[in-house]
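To start, the structure under review is shown below, and the notes come after it.
The values are calculated or read from the model by the stated rules, or taken from the named source; none is laboratory data. Computed from a predicted structure; not experimentally measured. Cβ placement follows ideal geometry from the backbone for every residue including glycine, while neighbour counts extend to all protein chains displayed. What goes into the accessible areas is simple: the full protein's heavy atoms, side chains included, and nothing from ligands, DNA or RNA. Shrake-Rupley method; radii C 1.70, N 1.55, O 1.52, S 1.80 Å.
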Amino acid sequence: MKAMRLADAKAKLSQVVTDAEYKKERTVISKHNRPAAVVIGYEEYKRLETLEDMHESRLLEESLKKGKFVSLEDAAKRLNFEL
């Protein structure tokens, strides 16, 4: 995974996107010396989205089996995920 400043990413956006799409390279973009975003290819994004959906489905199945519903907020807390 490579990292670059926002100003550099703006100047090289086409290359950053090409690297994400074809080389499967992730790029962390920093703003004011702090990580602000990550550029990934669309296929990787869809794969991560599918994994997230699968995980959420498992949580729901577990809750239904126990007769207990887990709210989105509770699930996010358990996953240390900020909504």
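General remarks:
- Within the accessible area of the chain (1.4 Å probe), percent carbon and sulfur: 55
- In straight-distance terms, cross-link reach from K31 covers every one of the lysines whose alpha-carbon lies under 21 Å from its own, apart from those fewer than eight places away in the same chain; here that gives K2, K10, K12.
- Cα-based helix-to-principal-axis angle, 42-65 vs the chain, degrees rounded to 10: 10
- Structural descriptor for the chain: relative contact order 20 percent, calculated from alpha carbon pairs under 8 angstrom and at least 6 residues apart.
- Förster-model FRET efficiency, 25 Å R0, E73 and K46, C-beta, rounded to 0.05: 0.45
- Among residues other than S30 with Cβ under 12 Å from its Cβ, the summed charge is +3 (Lys and Arg +1, Asp and Glu -1).
- Angle of helix 13-22 to the longest C-alpha principal axis of the chain, folded into 0 to 90 degrees and rounded to 10: 50°.
- Computed lengthening from S63 to E25, 0.36 nm per intervening residue step minus Cα-Cα distance: 10.0 nm
- Solvent-accessible surface of the chain, averaged per residue with a 1.4 angstrom probe and all protein chains in place: 85 square angstrom.
- Hydrodynamic radius by Kirkwood, which averages 1/r over all alpha carbon pairs of the chain, in angstrom: 15.0
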